[in-house]
Amino acid sequence: MIMNTDKINRREAQAPRTPGEVSRWCARFEKECRRRRLRVTVQRQAVYRALAADTTHPTADALHAKLRAGMTGLSLATVYRILESFVREGFVRRVSSQDGLGRFDANLAHHQHLVCRSCGCITDLQEESLARMKLPSRGLREFAPEDLEIRVIGICAPCRRTNGKRAKTK
């Protein structure tokens with residue numbers, strides 16, 4: 001399979017989401033919580049906003065570290081519970097990583113991920129040919145596919161520039 005390398009190179013330096021985009025995502029999140037009669041707490045809003053603004057697919061620990069300065073009462077256990085509830089409710093998705101840590105993504109648009117084997121960074125990839133990929137019908141008689149998650153594993157440009165000797169990040 002040949003992939004568009006220009007598209008991959010553009011995604012390596014993934015830009016942060018704009019404040020306006022994050023605000024729109026947060027407004028939709030809050031509206032959907034209220035529609036489902038789910039509590040909209042300050043903690044839930046803060047965790048969702050931090051995740052929506054972060055394109056690095058952070059761990060619960062990373063989100064907690066980012067939020068604890070402004071919310072001293074926010075425990076790591078609370079962040080984990082909130083993220084698990086978000087996954088259960090379909091507000092965010094868990095992303096598979098090379099390091100085995102749970103990473104999270106607020107971007108629910110269909111997309112794939114590039115995963116660096118050296119540093120563990122995960123970046124989004126929008127490749128239409130992968131999004132339209134058909135599964136073989138053989139073996140699916142008793143199985144109803146709901147989603148197709150594709151991870152492209154390799155070495156990112158910064159790690160290639162340092163000969164893959166970049167330290168693993170958590």
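Summed over the range 139-152, the residues that are hydrophobic (A, V, I, L, M, F, W, C) and surrounded by 11 or more Cβ atoms within 10 Å (Cβ to Cβ) give a count of 3. Within the range 113-145, the set of residues being part of a loop (DSSP other than H, G, I, E, B) and either of a type in the set (S, T, N, Q) or at positive phi (or both) comprises S118, G120, Q126, S137, G139. Does H57 count as of a type outside the set (D, E), over 13 Å from the mean Cα position of the chain (by Cα), buried (at least 17 other Cβ atoms within 10 Å of the Cβ) and outside the structural domain of G120 (by TED's automatic domain parsing)? Considered against the rule, which asks whether it is of a type outside the set (D, E), over 13 Å from the mean Cα position of the chain (by Cα), buried (at least 17 other Cβ atoms within 10 Å of the Cβ) and outside the structural domain of G120 (by TED's automatic domain parsing), H57 comes out as no. The residues in the range 60-97 that are more than 21 Å from E21 (Cβ to Cβ), modelled with pLDDT under 95 and among the β-branched types (V, I, T) can be counted, and the count is 1. Within the range 148-170, the residues that satisfy the criterion of being modelled with pLDDT of 75 or more, closer than 21 Å to S96 by Cα and part of a loop (DSSP other than H, G, I, E, B) are L148, E149, I150, I155, C156. Tell me, which residue of the range 100-128 that is in contact (Cβ under 8 Å) with a residue 60 or more places away in the chain and of a type outside the set (D, E) is nearest to A52 (Cα to Cα)? Across the range 100-128, the extreme among qualifying residues is A106.
The values are calculated or read from the model by the stated rules, or taken from the named source; none is laboratory data. The shown structure was predicted, so the numbers you read here are calculated from the model rather than taken from an experiment. With ideal geometry, Cβ positions are generated from the backbone for all residues, glycine too; neighbour counts draw on all protein chains shown.
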